[in-house]
Amino acid sequence: MKEIRKQLELFLKSSSFDRGIRLGVGITAPFALMYFLGYFEYAPAVAVGTFLNVPGDIPGSFKRKVNAILVSIGLTMVVTAIILFSKPYLPLLLVALTLITFVVSLISVYGFRASLVSFSGLLAMVIAFAIQKETAHEILAQIALMGVGGLWYLLVSFIFEILTPKKDQNQLLSDTLLLIGGYLKLRAKLLTKKTKRDELLKQTFVLQHQINEKHETLREALLTQRKRSGRTHYEEKQLLIFISSINIFELIEAKHLDYKTIDGIFGKRKEFLKASKKLSKIMGNHLIRLSELLIQKDKIPNKDMLIDALSKANASITNYIDSVTLPEAREGALVLKNLYDYQEQLLQEIRAIRRVMANVKDASKLSLKRQDSSQFLTLQEYRLNILVQNFSLDSTMFRHSLRLAIAIVFAYLLGFLFEIQNTYWILLTIVVIMRPSYGLTKERSKDRIIGTLIGASVAVGIVLLTQNVVVYAVLAVVSLVLAFSLIQQNYKSAAALITISIVFVYSFINPNAFEVIQYRVIDTIIGSVIAVVATYLLLPTWEANNLKQVLLKALEMNKKYLLATQALYQDTSQYKLSYNVARKEAFLAISNLNAAFQRLTQDPKSKQKEFQLIYEIVTLNQTMISAIASIGNFIVSHKTTPVSIEFNVLIKRISNTLQMSYDSLDHAKTNKKVTEETAEHAHDTLLGKYQQLSNMRDENIRQGNTELDTETLHGLQEAYLISNHMSWLKSLSENLKKATESYASSLADDQ
């Protein structure tokens, strides 16, 4: 019961529920006001205008949010006007329907916010069929009132922004910490779950993409705000939490361990890894709790459990050495020590978040310069050229727009020929669930049908209990508010609530509520079937055919990240910013690759060409970026020795191998080469340095000098990590080259 109360409190205090309330206020206020003023007949048009312009109100830069809503208002007014004026003339209406669907849908090429504006336009097109206006005066009045409704919602959104200025950012930070906490716990399982690693890795792909998406939105919201108006104390706190979350994410990524080496070293001694695994789990749970406290504003939990778990992880190193004994235990001890150092850094970042949330006065100050922060923003371009570039069947969005236009026209003609009562319900279902990918369309279609059936069942039960119109009105508004609050988190529940809302709204028009429910269910099923069949048959977009560009980008960014890490090793102070930017770009590229792979898994089995090969490529890219991050993290957090010639030779070799992987996909040739003999000599030299330090340490032990000073320890750690990770990266890059060449060959065979 306590957990249920906590989840309910988190929901009611969430920004999702806040946006649901905005919609509720935006719709009910015009009805109430116009009822008292005696102009109630104008209220529905204002409410429609309000409803249509809600999608653009998403977290991010306030300026971009306002611009999106203003564009949405203009678009919905124009679309509604075209449909209403075209209605009496079937040929003209079909042409308008086709062009509007295609053009408005294609706006989505400008990014996520643009896709929501596009959705508003498509929604306006569908709802226009439900509006019964015949004369030009009536149509123009309807459009003007819709514009008023849109501006009214913009005002409502602005008022809520003033009343709760940082709710969206807090929610985003909370969601980010929640995801990172879950990700840390998942990565802890990889340490010992040998038989389940493939399954767990696929789960990490999903979480990585979600975390990167949250970080991108937070960059826009926090850094854009800071550039525009300076930084308040509260914004400083949010930025500190955000930066710590990025550091934690990078640290987790940096410890994508070579699990084959781990299994080889520890074998049946996995008990020595349990303390580290438990520490990661405790830290993950702590991050999840902190994520809740950003919303709940409750007491921060005691840190004793964290400190105790860290102490046990440190003790496990000594226990391992005592049990296995040196020198045999050295390699395993260094692995555990590197793991401990990483977890200690994680704990420091978690404690930094704790201090910020607790308003500790000596919490770290932010030193990121404005001109530096702008380099971390991914700005969306709105040039006409982008639209022109997508005017091709090679474009996923072009195919989707054409497919959607055909499906909409077919559905309308179906309703027209068979005189279906509410054809626009079928159109609405298609617009809402049809997506560029087959897997997502199928999933949303299933959720839509199940949600509609659940909502219809609930509505039937309520209708049997009462025929009170006041109850219907209250339920219509409440269910609509809850539906919009849940639409991102649980589409099935949102679909059920939307059905309940629509049934009771239409009950005011048609007293026979059972008839409304019946048509709603039938039309939803028809629309869902049309959407799924169209996505499968009409210019289908299978993810296996679209991976090439995403993969090329990942290879390019991995190479840049590798070279940025090389520069960082040479001069940490000079190249820290460029390293961080390269890291961000690499993480985004691998996130997009992970998302593409996730979409591939949702396609029909028969369309998942070269699935195992693609999975291998994705995993190798992911492992490479983690290995690079591990070296970068060590360089940043330790005092290192001067960069060796051998390190640079291996970097060049790995970089060239990545370039060859890129060129094999891009049908280009590279002439830069580092001979195998040179690379092997460089690797042997690096390994020899570790062996030399190891032998010196053995000699000291034999002479009775058992105490290990910090400088020697760090020297051993650096030599071990650099030699092993460079060897690992070389092997990974070569395996990636082979896999990429095989994939390129399979693509050539298909053409």
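The values are calculated or read from the model by the stated rules, or taken from the named source; none is laboratory data. Here the structure is a predicted model, which is why all the values come from computation and not from measurement. Cβ coordinates were reconstructed from backbone atoms using ideal geometry, including for glycine residues, and neighbour counts include every protein chain displayed.
Among the residues of the range 4-25, those identified as out of contact with any Pro (no Cβ under 9 Å at 6 or more places or on another chain) and small (Gly, Ala, Ser) are 14, 16, 20, 24.
Does the range 266-278 contain at least one residue that is buried (at least 21 other Cβ atoms within 10 Å of the Cβ), part of a helix (DSSP H, G or I), out of contact with any Phe, Trp or Tyr (no Cβ under 8 Å at 6 or more places or on another chain) and outside the structural domain of residue 635 (by TED's automatic domain parsing)? Looking for residues that are buried (at least 21 other Cβ atoms within 10 Å of the Cβ), part of a helix (DSSP H, G or I), out of contact with any Phe, Trp or Tyr (no Cβ under 8 Å at 6 or more places or on another chain) and outside the structural domain of residue 635 (by TED's automatic domain parsing), one finds at least one in the range 266-278, hence yes. Against the list (1) touching a residue at least 24 places away in the same chain (Cβ under 8 Å); (2) part of a helix (DSSP H, G or I); (3) of a type in the set (A, V, I, L, M, F, W, C), the condition residue 58 fails is (2).
Checking the structure you have, find out if any residue of the range 15-23 is within 23 Å of the chain's Cα centre (by Cα), in a helix (DSSP H, G or I), more than 23 Å from residue 431 (Cα to Cα) and not aromatic (Phe, Trp, Tyr).
The first filter runs over the range 15-23 and keeps only residues within 23 Å of the chain's Cα centre (by Cα), leaving 15-20.
Imposing the further condition that a residue be in a helix (DSSP H, G or I) reduces the set to 15-20.
If we keep only those that are more than 23 Å from residue 431 (Cα to Cα) too, we end up with 15, 17-18.
Of the ones still in play, those that are also not aromatic (Phe, Trp, Tyr) are 15, 18.
Yes, the range 15-23 has at least one match.
Based on this model, can you work out whether residue 316 counts as surrounded by fewer than 17 Cβ atoms within 10 Å (Cβ to Cβ), small (Gly, Ala, Ser) and over 21 Å from residue 246 (Cα atoms)? No, not satisfied.
Among residues of the range 235-254 that are of a type in the set (Lys, Arg), those with a beta-carbon under 7 Å from a residue that is assigned to a helix (DSSP H, G or I) at least six positions away or on a different chain give the pairs 237/356.
Which is in a helix (DSSP H, G or I), surrounded by fewer than 16 Cβ atoms within 10 Å (Cβ to Cβ), at pLDDT 95 or above and not assigned by TED's automatic domain parsing to the domain that holds residue 425, of 103, 79? Write out each step before concluding.
Working: 79 fails: surrounded by fewer than 16 Cβ atoms within 10 Å (Cβ to Cβ).
Just one listed residue meets the conditions, 103.
What are the residues in the range 433-486 that are charged (D, E, K, R) and assigned to a helix (DSSP H, G or I), if any?
At the first step, the residues of the range 433-486 found to be charged (D, E, K, R) are 435, 442-444, 446-448.
Within the range 433-486, 442, 443, 444, 446, 447, 448 qualify.
Consider the range 464-477 and keep the residues that are within 21 Å of residue 425 (Cα to Cα) and among the aliphatic types (A, V, I, L, M). The one that is farthest from the chain's Cα centre (by Cα) is 473.
When you look at residue 2, is it touching a Lys or Arg at 6+ places or on another chain (Cβ under 8 Å) and either basic (Lys, Arg) or farther than 30 Å from residue 221 by Cβ (or both), yes or no? If you could, list the steps in order and put the result at the bottom.
On the way: touching a Lys or Arg at 6+ places or on another chain (Cβ under 8 Å): no; either basic (Lys, Arg) or farther than 30 Å from residue 221 by Cβ (or both): yes.
No; evaluated as a whole, the condition is false for this residue.
Of 106, 33, 92, all but one fail to be over 26 Å from the mean Cα position of the chain (by Cα) and farther than 16 Å from residue 153 by Cβ; the exception is 92.
Name the single residue that is modelled with the highest pLDDT among those in the range 242-280 being more than 20 Å from residue 344 (Cβ to Cβ) and in contact with a Leu (Cβ under 8 Å, 6 or more places away or on another chain). Among residues in the range 242-280 that are more than 20 Å from residue 344 (Cβ to Cβ) and in contact with a Leu (Cβ under 8 Å, 6 or more places away or on another chain), the one modelled with the highest pLDDT is 242. Checking each residue in the range 403-432 for being more than 21 Å from residue 96 (Cα to Cα) and assigned to a helix (DSSP H, G or I) picks out no residue at all.
From the list 458, 471, the lone residue that is free of Cβ contacts under 8 Å to residues at least 12 places away in the same chain and either closer than 26 Å to residue 28 by Cβ or not aromatic (Phe, Trp, Tyr) (or both) is 471.
Residue by residue through the range 59-76, note down the ones that are among the aliphatic types (A, V, I, L, M) and surrounded by fewer than 18 Cβ atoms within 10 Å (Cβ to Cβ). Give the derivation first.
To start, the set of residues in the range 59-76 that are among the aliphatic types (A, V, I, L, M) comprises 66, 68-71, 73, 75.
Residues satisfying the conditions are 66, 70.
When 159, 127 are checked against the criterion of being without any contact (Cβ under 8 Å) to a residue 60 or more places away in the chain, of a type in the set (Val, Ile, Thr) and part of a helix (DSSP H, G or I), 159 stands alone in meeting it.
Among the residues making up the range 293-305, a single one is out of contact with any Lys or Arg (no Cβ under 6 Å at 6 or more places or on another chain) and surrounded by 20 or more Cβ atoms within 10 Å (Cβ to Cβ): 294.
On the stretch given as the range 20-55, residues that are of a type in the set (Lys, Arg) and at pLDDT below 90 total 0. Residues in the range 593-621 that are of a type in the set (Gly, Ala, Ser) and either under 23 Å from the mean Cα position of the chain (by Cα) or not assigned by TED's automatic domain parsing to the domain that holds residue 654 (or both): 595, 596. Look at (1) touching a residue at least 60 places away in the same chain (Cβ under 8 Å); (2) in a helix (DSSP H, G or I); (3) surrounded by fewer than 18 Cβ atoms within 10 Å (Cβ to Cβ) and you find that residue 290 fails only one, number (3).
Give the residues of the range 123-136 that are of a type in the set (A, V, I, L, M) and touching a Leu at 6+ places or on another chain (Cβ under 8 Å), sorted by residue number. Step through it out loud before you land on a result.
Just the residues of the range 123-136 that are of a type in the set (A, V, I, L, M), to begin with: 123-128, 130-131, 136.
Those that are of a type in the set (A, V, I, L, M) and touching a Leu at 6+ places or on another chain (Cβ under 8 Å): 123, 124, 125, 126, 127, 128, 131.
Restricting the search to the range 571-585, which residues are out of contact with any Lys or Arg (no Cβ under 7 Å at 6 or more places or on another chain) and among the small types (Gly, Ala, Ser)? Those that are out of contact with any Lys or Arg (no Cβ under 7 Å at 6 or more places or on another chain) and among the small types (Gly, Ala, Ser): 573, 578.
Go over the candidates 194, 189 one by one and state the one that is within 20 Å of residue 275 (Cα to Cα), in contact with an Asp or Glu (Cβ under 7 Å, 6 or more places away or on another chain) and in the same structural domain as residue 290 (by TED's automatic domain parsing).
None of the others qualify; the one that does is 194.
Contact annotation: residue pairs with Cβ atoms under 7 Å, 6 or more positions apart or on different chains, pairing a residue in the range 563-576 that is farther than 12 Å from residue 637 by Cα with a partner that is outside any helix (DSSP H, G or I), are 570/643.
If only residues of the range 191-206 that are among the basic types (Lys, Arg) and free of Cβ contacts under 8 Å to residues at least 60 places away in the same chain are counted, the one that is nearest to residue 592 (Cα to Cα) is 196. Of all residue pairs spaced 6 or more apart or on separate chains, those with beta-carbon atoms under 8 Å, a first member in the range 642-654 that is loosely packed, with under 15 Cβ neighbours inside 10 Å and a second member that is not in a loop (DSSP other than H, G, I, E, B) are 645/682; 648/566. Among all residues of the range 338-352, there is none that is over 30 Å from residue 238 (Cβ atoms), modelled with pLDDT under 85 and surrounded by fewer than 14 Cβ atoms within 10 Å (Cβ to Cβ).
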